[in-house]
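Colleague: If you scroll down you'll find the structure; I have some questions about it.
Just so it is clear, none of the values below were taken in a lab; they were calculated from the coordinates. This is a predicted model, so every value here is computed, not measured. Heads up, the Cβs are rebuilt from the backbone with ideal geometry, glycines too, and the neighbour counts pull from every protein chain shown.
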Amino acid sequence: MDMKPRIIIETVLIIILGTLGSVLVGLIRFGTDVFYWRNPEFQFLTFGCGSAVLAAICARKGFYVTLLNVLPIAAVCSIPSRKLFWYGFINAALFFAFAAYVFGSVWERLSGRVGFGKFLVLGFLFAIFELAKTPLLAFAAGAQDVLYQTGFNALLKGMLGLGLGLGIEFAELFLAGDGRRKL
């Protein structure tokens, strides 16, 4: 197979399986609320797809190029925030910058040491990051129930990380079984 179509297939596979994993975990926990853009659960679709795109970019171009793509992806994912667009944009940009770091550093290190199970680490790291980030942004935005929002966002992003990581690991397994390199 020619090199260019193979890279395209690998990239598309990472994006599709990563997004699909995130959405499936969201569907299991929250049902069809995942597809309604006014619900917070819509993040399984937007943040899942955005993170999968960042994982695909990181696998091909590295951390610094991935970091350049954080702001445009964050802007697109913040559109459902409407009145709170800037808060949503800052929230998404911080999350995607952290996701880019995880894919560029932690995921790469684990790939050589862990055969299957990196999705557990990804879910844990996303949840811990939300536990640190959400109270700061919630206080800045003047939110009323910071404790509830922190717990809910940590659960949401932890589950998103589990599904996203599982999808990417399945893409790695598929590509490794096809004689291609690991991501």
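Colleague: Could you pull out the pairs from LYS4/LYS133; LYS61/LYS157; LYS83/LYS118; LYS61/LYS133 whose alpha carbons sit more than 32 Å apart here?
Modeller: Check vs 32 Å cut-off fails for LYS4/LYS133; LYS83/LYS118.
Colleague: Right, something else. Would you compute, from DSSP H runs of 4+ residues alone, the mean residue ellipticity of the chain at 222 nm, taking -39500 (n - 2.57) per run and dividing by the full residue count, rounded to the nearest 500?
Modeller: -26000 deg cm²/dmol
Colleague: Mind ordering 63-75, 157-169, 7-19 by average Cβ neighbours within 10 Å, highest first?
Modeller: Top to bottom by mean Cβ count within 10 Å: 157-169, 7-19, 63-75.
Colleague: On full extension of the chain, what length is gained from ILE28 through LEU147, given 0.36 nm per residue of separation minus the C-alpha to C-alpha distance?
Modeller: Value of the extension gain: 40.4 nm.
Colleague: Between segment 9-46 and segment 52-120, what is the C-alpha centre distance in whole Å?
Modeller: 15 Å
Colleague: For segment 1-56, run through the trypsin sites (Lys or Arg not before Pro) and keep only the ones in DSSP coil with at most 16 other Cβ atoms within 10 Å of their Cβ.
Modeller: ARG38
Colleague: Using just the Cα positions, wrap the chain in a convex hull and report its mean projected area in square nanometres, one decimal place.
Modeller: Computing the convex hull of the Cα atoms and averaging its projections yields 10.2 nm².
Colleague: Turning to a different aspect of this structure: Expressed as a rounded percentage, what relative contact order does the chain have, with Cα pairs under 8 Å and six or more residues apart?
Modeller: 29 percent
Colleague: Starting with the fewest neighbours, write out CYS49, CYS77 ranked by other beta-carbon atoms found within 10 Å of each beta-carbon.
Modeller: So the residues, fewest neighbours to most, are CYS49, CYS77.
Colleague: Can you tell me how much longer the chain between VAL65 and LEU136 gets when fully stretched, taken as 0.36 nm per residue apart minus their C-alpha distance, in nm with one decimal?
Modeller: Length gained between VAL65 and LEU136: 22.8 nm.
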